[in-house]
1. What are the ³J(HN,Hα) values, in whole Hz, obtained from phi via the Karplus relation 6.51 cos²θ - 1.76 cosθ + 1.60 with θ = phi - 60°, for each residue of segment A:53-62 in sequence order, with x given for Gly and Pro?
2. Separation between the B:A119 and A:Q38 pseudo-spin-labels, each 7 Å from Cα along Cα→Cβ, expressed in nm?
3. How big is the gap, in Å, between the Cα center of segment A:117-148 and the Cα center of segment A:37-57?
4. Hey, can you grab everything whose amide H is under 5 Å from the amide H of A:E149? Only 5+ residues off in sequence or another chain; H modelled, so Pro and N-termini drop out.
5. Taking only DSSP H segments of four or more residues, each worth -39500 (n - 2.57), what value at 222 nm results for chain B once the sum is divided by all its residues, to the nearest 500 deg cm²/dmol?
6. For segment B:62-124, run through the GluC sites (Glu not before Pro) and keep only the ones in DSSP coil with at most 12 other Cβ atoms within 10 Å of their Cβ.
7. Quick one: if you stick a label point 7 Å off each Cα along the C-beta vector at B:A3 and A:R22, how many nm between them?
8. List the residues, sorted by chain then number, that are 5 or more residues from A:L59 or on another chain and whose placed amide H is less than 5 Å from its amide H.
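Any read-out appearing in this document is the output of simple, stated calculations on the displayed coordinates, not a laboratory observation. Everything numeric here is computed off the predicted structure, so don't read it as measured data. Cβ placement follows ideal geometry from the backbone for every residue including glycine, while neighbour counts extend to all protein chains displayed.
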Protein chains: 2
Amino acid sequence: MSAITVDRYDLEILSELQRNGRATNGALGERVHLSMSQVSRRIQRLEESGVIRQYAALLDSEVLGLGVLAITSVTLGRHGETQGDAFEQAVADMPEVLECLSVTGEADYILRVVATDLASFSEFMMKRLLRLPGVVNVKSNIALKRIKETHALPLNHVTQPAQVTRRVVLSKSA
Amino acid sequence: MSAITVDRYDLEILSELQRNGRATNGALGERVHLSMSQVSRRIQRLEESGVIRQYAALLDSEVLGLGVLAITSVTLGRHGETQGDAFEQAVADMPEVLECLSVTGEADYILRVVATDLASFSEFMMKRLLRLPGVVNVKSNIALKRIKETHALPLNHVTQPAQVTRRVVLSKSA
DNA sequence: TGTGAAAAAAACACGTG
DNA sequence: CACGTGTTTTTTTCACA
């Protein structure tokens, strides 16, 4: 596995790109005191190395009518790992499940789920999640208030300049 | 509060922009069989109405060395709401906390936290989170495997065409 | 690594239905 | 008033020094 060197300029660029994924090379260059071509080449490197995974438009769930957000713990019965795979596959295909982690502790999985209202959330739980094979227990915590919600990863832990493990390649059209 | 009408063209545009926040108006137009100017005007409307909250570059936490992801439940002692406000403020200022929700159920808050490794996660818990005033109990579930992780909201629930509540305005430079 | 040309895309104004 | 067309401006990409 190859590596990429990330210096403090890269970190500043990444930080700004996390805030504004459409920042122009010119604007970024002005911010970090680098030429446009420098910025362009650095971003290309960051994309190719997989540090930048994707550019995306972030939508407002409340405006779109998705008023319910829940953290749900799921426990599976003990029936071998085939069941786990089936559960993971099924959950990955459910658009209302934004996140699914297999975790340490009492539960097997923790899910982050959105729904339009409590009625439809309840229906999703009863009719879809609980009916998946192997699911023996679910426990949901409904969000009362969203204190903080960000996609922006902390970057200050990166000792500058740092070697970072290289990953997948971002396709041009993705 | 005013409203915006979102039809099936808008939904297709939003869906694609969630996947690729840098899709050009031309490409989007081809996809939904609409002219460039149509797409441009629709996107502008979606931005102004707050449906599109932000454009962002999504970074890869593993590539950046943030190998630990945890879901942490926090319980506060019963000392009035001033304490809750202080906790919420403190947590909002911690970059390693990506998400914080106040929730129903046993715990008061659920947090999504990243760290470079278990040692630094442990240090964060002991030295920073547990020392916040009012915190009497925390319980963490460490992610063993990330089954699914998306920002893409489901859009199929929107009955087409639908009235959507208007929100804040996206500033041009944000 | 910067500079300048070429290509692409976005923003804008205009004319038309 | 909504729509497409054409023009202008911005931004990116690429070749070259």
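1. Going residue by residue, I get 7, 6, 10, 8, 8, 9, 9, 8, 5, 5 Hz, with x marking Gly and Pro.
2. Each label point is offset 7 Å from its Cα along the Cβ direction, giving 3.4 nm.
3. Going from one Cα centre to the other spans 37 Å.
4. B:C100
5. Result for chain B: -8500 deg cm²/dmol, rounded to the nearest 500.
6. Those that pass, being in a loop and sparsely packed, are B:E106.
7. Each label point lies 7 Å from its Cα, and together they span 2.7 nm.
8. B:R53, B:L153
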